[in-house]
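Everything on this sheet refers to the single structure shown next.
Every number in this text was worked out from the coordinates using simple rules, so none of it is lab data. Quick caveat, the model's predicted, so the values are computed rather than measured. Note that we place each Cβ from the backbone using ideal geometry, even for glycine, and neighbour counts take in every protein chain shown.
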């Protein structure tokens, strides 16, 4: 801990962190200096001059020297013994003058009017402020920072009512938000948030002096300007210049902080609820440690489906082939009596990846104790191979370090992950670190947003990633570049592991992967020279047979270079479901119990479920809220097998293909109606709060299961609230400190785990089951990036909304093109199973057998915007590899 | 893509590459492009963004800051009239008015017929020759309004000079 600096502000002696600015020091000590362009967490800027102060610093001879003029406190660093005055008469009049200049370009008739709190939009105005210029007609009214600041400064009515209206057209054609640059005070918070914090530069400060304003290059649409629609600019805007379009003028009655249900980052977001109990806005919480005020398009604009009234409102029972409404006791009695006939291995339960820890815990307790079956799994457990060896190799199946620890990382090794889309906020510290000089190695056949930031973007042959990493390990060991002390002393099994890598002869590795030996040696050197490396992998593009060996190789590489838990280093296995970590912790999987306890017999999991249903091994199936996973591959398979199941119970909020085939449907609560906990990818336990309360007759999944259990004769399922369930499950979280359910703050609470590091030998296991076939001999790798400067992105107006229309460029290998009789610039068609894409051929040197195309991220945003009352994940196209063939239309 | 677009991109890339200076920046690249083709087309913003590893928005932010960069192709001939202090004292305001009247313009800008791009200049650096005008970047000193108009009429019939 560095020594604090002593200074005096307005006669009060305070202490502050060295290096902070005067305004920060004042705020940290509960003092307020008016400001508009300053924003915590962003670099000092000094645009608005609102925070001017008088300051003097001591000189060596004991006297005080005043700082010249009236410095802005947001750009003046503190020094020992400094004396600061913030509220002298001179400063107050100076500030009022500055504010008058600022509001001379903003409608201000109401801002400095004493009747502001009494007026309605249609009242007769004593000052003749036109309706359009009144604060009450501004979407930001009552949450406007500019207004608050003007009110605080007690501006007088002396300023004239006329102001310089810029007469700029409103920008309302892009998805999700409206911009009215006539209200902008050019503080550039939004530009800085986009550049410094999100590292996107999707908006900029155009022109200069009197005409300076926020916009994009030549006014292009945000769909092509590199915007990721995270809404960071909206969250920092102090006026009504940039606002969310939906529920634009609605006022919040209640604000509830809860956890976003879209990905395992677990963003804490404050939900604004209006007086008609609708979720109108989501504002990420700046104080939360997991997301630090960040969120993404899903957490900002993808929550509206909670307002969708097209819900399953009561329990439904299938009678004569039709689902009819039923009462709770009737449905519960029916299910309890039916399920009693299927106790044992013919019963299977699939829990939702959006279930709370409480849901998962009760689901596995119900399955194991009441139904006496181990056939339990959760709906997004399609990537389990990458978690199987974590417990044995690093002691616990979770990430080894925190999300914002990535800021300290010097080198990122990212294997087959689309982080900026799947775990958007995780990408923020990565992009920030890279913009400050960190390096990145991306191993991925697809072009993703992060591959544009990469120093090395390696595209090995499909499914040879593990061989490439093995080659890197071999090269490190050959050159004795490993962290020998760490590998031999802190980890077990080093010698056995070392002898296993001799298979990875570099010439062979190079032949299999298509990556040159020099490049492999170069990568080995880069990785071993870095002081803090983080490894992130979700292995989206890798076949399930070799996922385990790939993740083993990655962890071995991390152990070999000593990058486990030090600042800036870590291993981050990535999954997709928001509470998958919780599902594993709670033992909601077929192969272990709560707290990773051993169970005698492994049950049937998601992977084998469709087969087990087809063969009749599973007769009763219980599916809990799987709306988002229906479109997934495993969801499709299970859907096809449902006809064979004798008894199907579904808990669901919206009708879908599963509910259509169900015998009984229970209405299930959505994220905004649940009370419970989520565990994010850094093992941080977050609270999920019932922001909306119950809308219809729905209930939380764990309560439904408890009622079933009680009806089936159990007496240990009597919980009156989720806190009691949490009390029962918390001992299974390997925690040394007790976690109090009521006291989990928005920063959450990380539970600690015991580390045990152990190498696992690797081998060259070639994946012989190629994903291509005779019908579809090529493999399509699809990328998606925010902005493509040189491509022909054309924006067209469709129904008054901007829409991307462009010819996709399809890259293919020159030799493959020759074989298919295709020339540069030809229109070609790519055809796969349930997939079709037309585009223009571009021949280059990509690996043979691969065709590649890169979309703009805006195209996904358009789709999500079009279906905004539905779960955005239903319309989110994952970038899987697709086997295809090429056709040339006549 | 049309062929002339390709040529334009080639010219731009050449202009960016032709900078022989220790540090190449967004600004220096934009200047090099404007010197080479007379204005900053969309393609130039894109190429500079790619070359400088930044976004089109950041490049446009820089380009739009400086009024000297123009985003539309210039007319055939450029006319600049100095209105610096020395030229002003030597009567440049009369020249300015005469030229504006001749070109039928109210302020700086391009003529409708596509012949002239007219700008004020704060100093052409030849104060000893004041008043000075520049026609297609050639300086004419100690000049009168009538002589200016005569010279402008002359260059109108000469070969277009785009830059």
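The spacing between segment A:26-50 and segment A:240-275, judged by their C-alpha centroids, is 25 Å. In terms of Cα atoms, the Rg and Dmax of segment A:177-244 work out to 10.9, 29 Å. Between residue A:747 and residue A:867, the FRET efficiency from the beta-carbon distance, with R0 = 45 Å, is close to 0.85.
Report, to the nearest 10°, how far helix B:145-157 tilts away from the longest principal axis of the Cα atoms in chain B, using its own Cα long axis and a range of 0 to 90°. The answer is roughly 50 degrees. Principal semi-axes of the equivalent ellipsoid, √(5λ) from the alpha carbon gyration tensor of segment B:5-65, are 15, 14, 11 Å from largest down.
The alpha-carbon atoms of chain B, seen along their principal axes, cover 49, 33, 26 angstrom, with the largest extent given first.
When restricted to Cα atoms, segment A:221-273 yields an Rg and a Dmax of 13.2, 36 Å, respectively. Going by neighbour counts of Cβ atoms within 10 Å, the residues A:586, A:155 line up, fewest first, as A:155, A:586.
Can you pull a Stokes-Einstein diffusion coefficient for segment A:5-87 at 25 °C (0.890 mPa s), Rh from Kirkwood over Cα pairs, as a whole number of µm²/s?
Details: Rh = 12.7 Å.
Stokes-Einstein gives a translational diffusion coefficient of 194 µm²/s.
For segment A:496-608, the alpha carbon convex hull comes to 161 Å³ per residue, rounded to a whole number. Segment A:468-496 and segment A:367-395 have their alpha-carbon centroids 30 Å apart. Each residue in A:142, A:890 was given a count of other beta-carbon atoms within 10 angstrom of its own, and listing them fewest first yields A:890, A:142.
Using the Kirkwood radius over Cα pairs, work out the Stokes-Einstein diffusion coefficient for segment A:111-265 at 25 °C and 0.890 mPa s, in µm²/s as a whole number. Each step should come with its number before you reach the end.
Details: Rh = 17.4 Å.
So the translational diffusion coefficient is about 141 µm²/s.
Compute the semi-axes of the equivalent ellipsoid of chain A, taking the square root of 5 times each eigenvalue of the Cα gyration tensor, and list them largest first in whole Å. One finds semi-axes of 47, 35, 30 Å for chain A.
Divide by every residue of chain A the summed helix terms, -39500 (n - 2.57) for each DSSP H run of at least 4, and state the resulting mean residue ellipticity at 222 nm, rounded to the nearest 500 deg cm²/dmol. Kindly include the intermediate steps, with their values, before the conclusion.
Working: 26 runs with 217 residues, N = 890.
-6500 deg cm²/dmol, from helical runs alone.
With one equal scatterer per alpha carbon and no solvent term, the Debye-computed log10 I(q)/I(0) for segment A:778-887 at 0.12, 0.18 1/Å reads -0.46, -0.95. Using only Cα atoms, find the angle between the long axis of helix B:56-65 and the longest principal axis of chain B, and express it within 0 to 90 degrees, rounded to the nearest 10. Roughly 20 degrees between the two axes. Building the convex hull from the alpha-carbon atoms of segment A:390-459 and averaging its projection over directions returns 4.9 nm².
When the gyration tensor of segment A:385-573 is built from Cα positions, what are the square roots of 5 times its three eigenvalues, in whole Å, from largest to smallest?
On the way: eigenvalues 97, 73, 54 Å².
With the √(5λ) rule applied to segment A:385-573, the semi-axes are 22, 19, 16 Å.
Cα-based values for segment A:307-420, radius of gyration first and Dmax second, are 20.6, 64 Å. Each pair of Cα atoms in segment A:604-757 enters the Kirkwood radius, and Stokes-Einstein at 10 °C and 1.306 mPa s then converts it into a translational diffusion coefficient of 89 µm²/s.
Once the cut-off is 19 Å, how many percent of the Cα-Cα pairs in segment B:77-157 end up in the long-distance tail?
Values: 800 of 3240 pairs.
Of all Cα-Cα pairs in segment B:77-157, 25 percent lie more than 19 Å apart.
Between helix A:544-560 and chain A there is an angle of about 60 degrees, using the helix long axis and the longest principal axis of the Cα atoms. Cα convex hull, segment A:549-637: 159 Å³ per residue, rounded to a whole number.
Starting with the fewest neighbours, write out A:478, B:146 ranked by other beta-carbon atoms found within 10 Å of each beta-carbon.
Values: A:478 14, B:146 11.
Ordered by Cβ neighbours within 10 Å, fewest first: B:146, A:478.
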